Structures are given as C-alpha cells and as structure tokens.
Amino acid sequence: MSDWIDIAALSDIPRRGARVVKTHLGCVAVFRTGADDVFALNNACPHKGGPLSEGIVHGNAVTCPLHNWVISLETGQAQGADEGQVATYPAQVKEGRILLDKSVLVSRTPA
Amino acid sequence: MKQNLIIIGAGMATGRALETLLDADPDGWNVTLFNAEPRGNYNRIMLSPVLAGDKTYAEIETHSTQWYAQNGVTCRFGEKVAAIDRAAKTVTAQNGDVLRYDKLMLGTGSTPFMIPLPGHDLEGVIAYRDLEDTQRMMDLGPQNKCVVIGGGLLGLEAAAGMAARGVDVTVVHIMGHLMERQLDEAAGYLLRRALVDKGITVKCSANSKEILGVDGHVRALLLDDGTELPCDLLVMAVGIRPNVTLAQEAGLAVGRGIHVDDQMVTSDADVLAVGECVEHNGAVFGLVAPLYDQAKVAARTLLGEADAFKQKELSTKLKVTGCDLFSAGDFADGEGREDIVFRDPARGVYRRLVIENSAIIGAVMYGDTGDSNWFFGLIRDKTDITDMRDTLIFGPAYQGGTPQDPLAAVAALPRDAEICGCNGICKGQIEDAIAAGAGDLAAIKATTKASASCGTCTGLVEQVLAVTLGDDFVLPAAASICACTDMTHEDVRRMIKSQKLMSMPAVWQECGWKTSCGCHVCRPALNFYLLADWPLDYADDPQSRFINERKHANIQKDGTFSVVPRMWGGITTPDELRAIADAADKFAVPTVKVTGGQRIDLLGVKGEDLPAIWADLNAAGMVSGHAYSKGLRTVKTCVGTDHCRFGTQDSTGLGIKLEKTLWGHGRHIS
Ligand SMILES: Cc1cc2nc3c(=O)[nH]c(=O)nc-3n(C[C@H](O)[C@H](O)[C@H](O)COP(=O)(O)OP(=O)(O)OC[C@H]3O[C@@H](n4cnc5c(N)ncnc54)[C@H](O)[C@@H]3O)c2cc1C
Ligand code: FES
C-alpha cells in the first residue's frame, strides 16, 4: 500500500536541481530534471558516499560532485565503466506538488 | 588652333584628368599647370608609406619633369593663382602675371581643418596634408614626443609612421573608439589594441583644451581632465574643408564645395572643377576613388564627349602595416537591418555584415580582410544573398558546392598568407617545408617554427599539411568538449559568437548537441562562455555551476565544506580574527587551518550551515575568498616598506590593490 505524502511544491526545486529530505534513516535526495520529472534517491554516491544532491543534473542523470561518477536517476545505477547502485524511491508530481511514498521510506534499510 | 587650358592645383584629381585629356588629344591644348606646392603631381595618399620609411618621395611622384615637357605642359609650381576674372577669362598669378584661358579647371583640393584651440598658432603645430608636413614628422626620432589629435585614417597613419621611427606618439581622439566613421566599436577595439602593440598611446573620449607653448613653440597638449601630454610636435588631423576661396571670390556657385554638375562643369560653362574642392549632388569627397572618376569625366567633357559622374559606394582601408581593416557602406544599426558577425578572438579577426532587404549594405572587417573585395562587390552590385546567407560570412571559398569545408578555404589562400602570426610564417614557407620532407605537425614546428609559440594556428598548419599532402596526411581529430558534441571548445565559442547564440538551448540546438541538456563537463563551460560573450543578455545558470561556486565553499571528501573568507593581501585585523573564531565556535568547525594563500580556512562546515556562517562573516565585513573559483583567488604579499628593513616598495599595498581590482571577475585567467 503506498502512502503518498506531500513533500514540497515542484517549483521549490530549480530545474536540474535537487533538494534533500531528511528521514529517520538518512537523507533522500529529490531531483527535478529539465523535463520536470522528479526522482528520489539515496543522497549517497555508491562510490564514496558523495552527496548526489549537490551534483550537476543532466538528462535523467546526476554527476556526483566528488569524483564525477554519473548516476542514473531512474535506476540508481552508476553509468559507464563505474559499477554500483544507489537506492531509489517512488516519487511523483500531482497538481504541482511533489509526493513521496512514506511506506517505502519508513521501511528502507539504512545505507 | 590649340585651346588654352589653365589648371589650378597639381593634385591627384587634376593629374589624372590631364593624363586622360592628353592621351586622347595630345595636340589640342596649351596647358598651364599652377601648383601652390613647390612640386608637381604626386600620389598624396602614399605620403604615409613615405613617413613610415617604406617608400621615398621619388617613388610617389606621378609625373616627371620629362613628362610635362614632352606633353607641352607649362609648369608653374610653387606659384599660387591669386584671382580669376571670369568676364575677361583670365587668371592672375601671385607675381601679377595675367594669363588668358579658354577653359579653366579648378583642382584646389582641401585645407586641413585646424581646431581653434588656444595655442593652435604655436610653432610646431601642423596638419598632415603635404610633403612639408611629412618632412616635419620625419625629422623626429626616438628622442622626440608627438601628439596627434584625431583618431581617423589620417591621424592614425601619421601616428603609425612616426611610431615606426621610434617617436613616442600619443593619439588623442574625441570619440569613444578609433575611426568611428568607418569602424564599429568591436573593430575599433581591435585596431586600438594593434596600435598599442606598436607602442602608440591611444586616448579615446579625450577632449583637447589648450595647446601649451614655451618661447612660441608647442610644449604640450592640455586635456580638459587636466592631463598634460608633452610633445615636440603636435599634428592635427581632424578633418578637411574643401578649398573654395578662389572660386568663391570669382563668384562661382559654392556650397560646402564648388558646385559641379554631372559633367564636372561649374556654374560657369568654361570653368570645370574636380577633386576634393567640389560638391556634387550635395556630397563632398575625401577619398581618391571618386576623384579619379571625376577626373575622367572632366577630361571627356573638355574633349566634347558625353560622360557623367556617378557617385558609387566607397570603401576604406588603413595603410598601417599589421592593421588590416576594411570598411564599406553603411553599418549603423537600424530597423529592418540584420547583422552577421564572425569573430575569432585568437586571431584577432572580426567581420560584420549588415544586411537589409536580402542584400549586404555595409561591411566592417578587421584582422582578415582577404575577402574584402568580394564583399565589396556584393555591396556595390546589391547582390541578393538569400541563398548563401548561412555561409556568407566565411567568404567566397565557402560558397557554392563545398559549404563548410575548411580545407577549401585554406587551399584558396595565397602563398604569402600568414599562417603563424607569432613567428610570421606564411603558407608558402610551410609548403616549402613540406616539399623538403616535413610530413607532420612536429616536423613543421621543428623546421619553420609555425605553431610553435602560442599554438592557436595549429589547426591551420594541419590544414595546410592536409591540403598539400592529400591522402598522405590524416587530420588528427581535435578533442571535443565532451561526449555531448564533436565540437571543440574553440568551435563552440566561434558558434556562440558568430551565430549570436545567447542561451544554452540555442547552443545545444545550433551545435547539434547529442544529449538533451549537456552534462557536467559541457554545461559549466557553456555557462561561462555565454556569460563572457553576452553578459547583458545571458542570465547565469546556477544549476550549471559546480557546487562550490553555488555555495561559496569547497566541498570536501565527506560532503562537508570548507569556508575561506578573503583577507585582502594577507592583511587582517583583531576584529576579523575574533569574528572568525566566533564563527568557528558557533558552527563547531572541527579544523581551522592557515592556508598557503595567507588566509584562514574553516574546514568541516555542514552544507546547511553555510548560509548562516556566511551571514556572520559578512556581518563582520568579510567576503568569500573564492578559494574555488577559476578566477583570482588570493594575492600573496611580503610586508614591504611599512615594516621590512630591506623593503623598497609598498608590496602589501600593491597586493591589496591588485586583489581589490581583480577579484570576483569569475573569469578564467589562462
Ligand atoms: C597622408 C594622406 C593619406 C591619404 N590616404 C588616402 C588613402 O589611403 N585613400 C584615399 O582614397 N585617399 C587618401 N587620402 C586623401 C587623398 O589624398 C585626397 O582625396 C586627394 O589627394 C585629393 O585630391 P585633389 O586633387 O582633390 O587635391 P590635392 O591632391 O590636395 O591637390 C590640390 C593641390 O592644389 C594646390 N592648390 C590649392 N590652391 C591653389 C591655388 N590657389 N593655386 C595653385 N595651387 C593650389 C594645392 O597645393 C595642392 O597641391 C590621403 C590624404 C593624405 C593627406
Ligand atoms: S563519491 Fe561519488 S564519485 Fe566518488
């Protein structure tokens, strides 16, 4: 059962930007792409834990600010030659509001 | 029966008229040629190469004593005509001689305009018009200083000529950029830079107030901002006025110049006029091309043949070595007019075409004027350019069949086209080196030095190799910015400028980006290039900046940040130190380190605390030290004269000044 909660307005995040949602279990990075799609990922790079929310967003990917790994926002997979994956969470936009699935966030395993 | 023709003024126009007339009818005329200058016809425009030492006076004489003798021309050089009596059909020479004419031709040229500044009549204040003026300038040497008032064609040729002789020259120009009648600001800027490189001091937007003298001789020019420019000679080159005095006194119709019709006849059917002294259809003239046309028409009129003078489009070039510029037509901004602009900053090339109703109506070029004749032709013929619009700016080598093939342009270059500006290597020298066995870039560098200095011509050298060697040479692919594009940084910059790309989407579109919105490599670069080229039109995109620049702090391996407040020139105060200490306490900063750049680094600040810590530091008067920027970060100083036993200069003061002048420009210093 999904349990959507309202996190913020879409316009609170700049296009190709991100904001961080603090949960009991760690930080979730919420990204807004140039095409106004929204994705939620663990805010920790699979390489050395870099804060993905501070990276440059391009297409449906973000580049980690620490060592330039490129992470898919859709799958959480590291792109190219790098290997690793970061947890992703359901997210959606409804009537200009960003919604995350509380049930998944609560049950997530700590990274 | 020979007719008596009297000509007043042995100038460029009458010289040409005389040639045409006597070629066609050698026996019909008794010609008397008066000239106020103590010499015959010469190529006035070549006084500049004489001044620069590239030519001698003998080389610029157009007619020899022999020629006048052979053609039966009575020369009265060094003699002015004092008066014309049209009723009696006579002229009176300075010495009182009265001569009868059947036909009279006026070619009195113009007089330089002298600004009536206080002191303009001092000895050592001259114009630039004749050989005497030229000689005065040639008498100067490295021990002398000269001020030239006027940054137009004439003033700049005078300045460059004297600078070539080692004279310390300052050009004072009232307008904001040089040659403003022929050039737009961008070309004016490039010209100024080239002249400054020649050692000429250029002062634009400068107003002359007074010419200062000592013992009746010029000593300095005083500007209205109080600046005194010392000089041994002051050259005024601020414009010319048609020389109409004689015609006016003779009662001929005169406006700005002597009125003439299409046949070059004045208000008196037996009096013709040609050259800079005339006014035709409201226009007066200052370049030789139309004067030569007038001269031919005047000769035809005397011969009884039908001909008519038509005003044509004019173009200007400057005869200063190393300053290749070209200007033609009308290039003012206006409704319904569009610009096509091409710039190559590395080569100092600027081209601008002004288009109206699908035709070029004006062109300004600087740095690479090789195609100027072609463009001038398009202007004159009002050619419809619709079909070649996309490639027009690149010149004739790109039109028809092979658009965008850079090799075609290189193949079309003549042997004496310069390829390497640093080392002055022409295409021919590279071709010779290739013929002698040099087969790649390294070999060309080693044998000719081409592209061995600044390297900006590397691409051109490779293209010469490719053109010369054909299939034997494989052009190395230049490294593209990133995987989003095949273009290099230079390619993209060129596109941004020439196509006026003012937004990131425009660049992605016009340059065929392979990704929807770039990546972490190209976006910061594009953001920078767009900001640099269109500072007023392009809005900075924070999402295309690396996190450090967004947060004014340096991201660390654990995702925390380091904060470095600026300390101008390494100088701080107890209050600043206290504020830093307070901030470190308040935000539980784990590490405080003195940097090599003479300031203090607060390491381990949490991202969310950055606004608050900066608010505190700002309140104490401190700003970011930009420890992350690709611009000026810090200026290190030693203590200098204030404290040092061996100090000879105020090095700390200089450091602070440098830092305050250069900080925050956010520009790459490369
Ligand atoms: C240094 C310099 C560089 C130039 N460079 C260029 C250039 O690059 N391109 C360009 O197109 N143009 C250039 N010009 C302009 C060009 O030289 C003039 O447009 C051209 O010389 C005008 O020709 P003219 O026959 O009308 O007059 P002039 O060549 O000036 O001849 C007029 C003659 O008439 C004489 N005279 C006047 N009154 C009397 C009188 N009462 N009795 C007898 N004689 C008299 C004068 O002494 C003078 O010798 C330059 C001019 C100068 C000074
Ligand atoms: S921590 Fe993300 S690339 Fe190294």
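The values are calculated or read from the model by the stated rules, or taken from the named source; none is laboratory data. Keep in mind that this is a model prediction, so the values were computed, not measured. Every residue, glycine among them, receives a Cβ derived from its backbone with ideal geometry; neighbour counts consider all protein chains shown. Ligands, DNA and RNA are stripped out before the accessible areas are found, and what is left, the full protein with its side chains, is counted by its heavy atoms. Shrake-Rupley method; radii C 1.70, N 1.55, O 1.52, S 1.80 Å.
Within the stretch B:611-629, the set of residues being in a loop (DSSP other than H, G, I, E, B), surrounded by fewer than 16 Cβ atoms within 10 Å (Cβ to Cβ) and not hydrophobic (A, V, I, L, M, F, W, C) comprises just one member, B:Gly621.
Looking at the stretch B:485-506, is at least one residue within 14 Å of another protein chain (Cβ to nearest Cβ), open to solvent by 70 Å² or more (accessible area, probe 1.4 Å) and either at positive phi or in contact (Cβ under 8 Å) with a residue 24 or more places away in the chain (or both)? No, every residue in the stretch B:485-506 fails to be within 14 Å of another protein chain (Cβ to nearest Cβ), open to solvent by 70 Å² or more (accessible area, probe 1.4 Å) and either at positive phi or in contact (Cβ under 8 Å) with a residue 24 or more places away in the chain (or both).
Within the stretch B:74-101, the set of residues being surrounded by fewer than 17 Cβ atoms within 10 Å (Cβ to Cβ) and within 16 Å of B:Leu22 (Cβ to Cβ) comprises just one member, B:Thr74.
For every residue, the table says whether it meets (1) open to solvent by less than 20 Å² (accessible area, probe 1.4 Å); (2) more than 16 Å from ligand 2 (Cβ to nearest atom); (3) not in a strand (DSSP E or B).
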residue	(1), (2), (3)
B:Cys323	yes, yes, yes
B:Gly334	no, yes, yes
B:Glu338	no, yes, no
B:Val341	yes, yes, no
B:Arg347	no, yes, yes
B:Ile355	yes, yes, no
B:Val364	yes, yes, no
B:Lys382	no, yes, yes
B:Ala408	no, yes, yes
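Scanning the stretch B:507-546 for residues that are of a type outside the set (A, V, I, L, M, F, W, C), more than 21 Å from A:Gly59 (Cβ to Cβ) and without any contact (Cβ under 8 Å) to a residue 24 or more places away in the chain yields B:Pro535, B:Asp540. Residues that are more than 14 Å from chain A (Cβ to nearest Cβ), part of a strand (DSSP E or B), under 43 Å from the mean Cα position of the chain (by Cα) and away from ligand 2 (no atom under 16 Å from the Cβ): does the stretch B:39-53 have at least one? Yes, the stretch B:39-53 contains at least one residue that is more than 14 Å from chain A (Cβ to nearest Cβ), part of a strand (DSSP E or B), under 43 Å from the mean Cα position of the chain (by Cα) and away from ligand 2 (no atom under 16 Å from the Cβ). Of all the listed residues (B:Phe546, B:Phe528), the sole one being under 33 Å from the mean Cα position of the chain (by Cα) and either away from every other protein chain (no Cβ under 14 Å) or of a type outside the set (Lys, Arg) (or both) is B:Phe528.
The condition of being open to solvent by 20 Å² or more (accessible area, probe 1.4 Å) and at pLDDT 95 or above holds for only one of B:Leu156, B:Leu122, that being B:Leu122. The residues listed here are A:Ser11, A:Ser2; of these, the one that is touching a residue at least 60 places away in the same chain (Cβ under 8 Å) and in a loop (DSSP other than H, G, I, E, B) is A:Ser2. Does B:Val564 qualify as being among the hydrophobic types (A, V, I, L, M, F, W, C), touching a strand residue (DSSP E or B) at 6+ places or on another chain (Cβ under 9 Å) and open to solvent by less than 50 Å² (accessible area, probe 1.4 Å)? So B:Val564 fits the description; yes.
Selection over the stretch A:65-89 of residues that are part of a loop (DSSP other than H, G, I, E, B) and either out of contact with any helix residue (DSSP H, G or I) (no Cβ under 6 Å at 6 or more places or on another chain) or within 16 Å of ligand 1 (Cβ to nearest atom) (or both) gives a count of 16. Scan the stretch A:20-36 for residues that are assigned to a loop (DSSP other than H, G, I, E, B) and either within 9 Å of chain B (Cβ to nearest Cβ) or under 11 Å from the mean Cα position of the chain (by Cα) (or both) and jot them down. Answer for the stretch A:20-36, where residues must be assigned to a loop (DSSP other than H, G, I, E, B) and either within 9 Å of chain B (Cβ to nearest Cβ) or under 11 Å from the mean Cα position of the chain (by Cα) (or both): A:Thr33, A:Gly34, A:Ala35.
The criterion of being loosely packed, with under 13 Cβ neighbours inside 10 Å, within 14 Å of another protein chain (Cβ to nearest Cβ) and under 28 Å from A:Pro46 (Cβ atoms) holds for B:Glu608. One residue stands out in the stretch B:199-258 among those that are part of a strand (DSSP E or B) and within 30 Å of B:Leu272 (Cβ to Cβ): the one that is farthest from ligand 1 (Cβ to nearest atom), namely B:Val254. In this structure, does A:Ala81 turn out to be of a type in the set (A, V, I, L, M, F, W, C), out of contact with any strand residue (DSSP E or B) (no Cβ under 8 Å at 6 or more places or on another chain) and under 22 Å from B:Cys522 (Cβ atoms)? Yes, satisfied. Against the conditions (1) open to solvent by less than 30 Å² (accessible area, probe 1.4 Å); (2) touching a Lys or Arg at 6+ places or on another chain (Cβ under 9 Å), B:Asp133 satisfies every one except (2).
Of the residues B:Ile240, B:Ile211, B:Ile200, the single one that is β-branched (Val, Ile, Thr), open to solvent by 20 Å² or more (accessible area, probe 1.4 Å) and either under 30 Å from B:Asn144 (Cβ atoms) or within 16 Å of ligand 2 (Cβ to nearest atom) (or both) is B:Ile240.
Residues in the stretch A:56-85 that are at the interface with chain B (Cβ under 7 Å from one of its Cβ atoms), of a type outside the set (Val, Ile, Thr) and within 12 Å of ligand 2 (Cβ to nearest atom): A:Pro65, A:Leu66, A:Asn68.
Of all residue pairs spaced 6 or more apart or on separate chains, those with beta-carbon atoms under 7 Å, a first member in the stretch A:66-81 that is open to solvent by less than 70 Å² (accessible area, probe 1.4 Å) and a second member that is part of a loop (DSSP other than H, G, I, E, B) and of a type in the set (A, V, I, L, M, F, W, C) are A:Leu66/A:Cys45; A:Trp69/A:Cys45; A:Ile71/A:Cys45; A:Ile71/A:Cys64; A:Ile71/A:Val86; A:Gly76/A:Val86; A:Gly76/A:Ala87; A:Ala78/A:Trp69.
Condition check: free of Cβ contacts under 8 Å to residues at least 60 places away in the same chain and not assigned by TED's automatic domain parsing to the domain that holds B:Thr386. Does B:Lys312 satisfy that? No: the conditions fail for B:Lys312. Applying the criterion of at least 1 residues that are outside the structural domain of B:Gly664 (by TED's automatic domain parsing) to the helices (runs of 4 or more DSSP H) found wholly in the stretch B:479-594 leaves B:489-498, B:504-510, B:522-533, B:547-551.
Restricting the stretch A:38-50 to residues that are open to solvent by 10 Å² or more (accessible area, probe 1.4 Å) and without any contact (Cβ under 8 Å) to a residue 24 or more places away in the chain, which is nearest to ligand 2 (Cβ to nearest atom)? Checked the stretch A:38-50; the qualifying residue nearest to ligand 2 (Cβ to nearest atom) is A:Lys48. Within the stretch B:10-29, the set of residues being outside any helix (DSSP H, G or I) and within 14 Å of ligand 1 (Cβ to nearest atom) comprises B:Ala10, B:Gly11. Any residue in the stretch B:58-73 that is open to solvent by less than 40 Å² (accessible area, probe 1.4 Å), at pLDDT 95 or above and more than 16 Å from ligand 2 (Cβ to nearest atom)? Checked the stretch B:58-73: at least one residue is open to solvent by less than 40 Å² (accessible area, probe 1.4 Å), at pLDDT 95 or above and more than 16 Å from ligand 2 (Cβ to nearest atom).
A quick yes/no check of all residues on (1) part of a helix (DSSP H, G or I); (2) away from ligand 1 (no atom under 16 Å from the Cβ); (3) of a type in the set (Val, Ile, Thr):
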| site | (1), (2), (3) |
| --- | --- |
| A:Phe39 | no, yes, no |
| A:Ala44 | no, yes, no |
| A:Ile98 | no, yes, yes |
| A:Val104 | yes, yes, yes |
